[in-house]
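Asker: Mind looking over this structure? Questions follow.
The values are calculated or read from the model by the stated rules, or taken from the named source; none is laboratory data. Please read all numbers here as calculations on a predicted model, not as lab measurements. Methodologically, a virtual Cβ is constructed for each residue, glycine included, from the backbone with ideal geometry; neighbour enumeration extends over all protein chains shown. To get the accessible areas, we keep the full protein, side chains included, count just its heavy atoms, and leave off ligands, DNA and RNA. Shrake-Rupley method; radii C 1.70, N 1.55, O 1.52, S 1.80 Å.
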Amino acid sequence: MRLDKFLKVSRIIKRRTVANEACSGGRVTLNGKVAKPGAEVKVGDKMSIRFGDKYGHYEILAIQETVRKEGAADMYRILSEDEGVLAQRN
């Protein structure tokens, strides 16, 4: 599955266009490398996303084409969500 589609289906990012822009802008890494929107994700991959001054680190647990809202959180595991260095200085 494409990375931008996974972000949308798992509801980590609400809209696919926003997920696409995040990937194109270099704010998403997959297994330690900056990922493009079309990068293929697999179960077990580690993903990091920068949301402004916040960082989220996730592990992909399942890949599904469609999922209900209640089941979306079962597609990934949150490894950590933290504030960036800039936010900690203030």
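Asker: Checking the conditions here, which among V85, V43 is open to solvent by 90 Å² or more (accessible area, probe 1.4 Å) and modelled with pLDDT of 95 or more?
Answerer: Details: V85 fails: modelled with pLDDT of 95 or more.
Only one candidate qualifies: V43.
Asker: To continue, here is another question. Restricting to segment 2-29, and then to whatever is open to solvent by 10 Å² or more (accessible area, probe 1.4 Å) and touching an Asp or Glu at 6+ places or on another chain (Cβ under 6 Å), can you tell me which residue is nearest to M47 (Cα to Cα)?
Answerer: N20
Asker: Follow-up. Please verify whether segment 65-77 includes one or more residues that are open to solvent by less than 40 Å² (accessible area, probe 1.4 Å) and more than 13 Å from the chain's Cα centre (by Cα).
Answerer: yes
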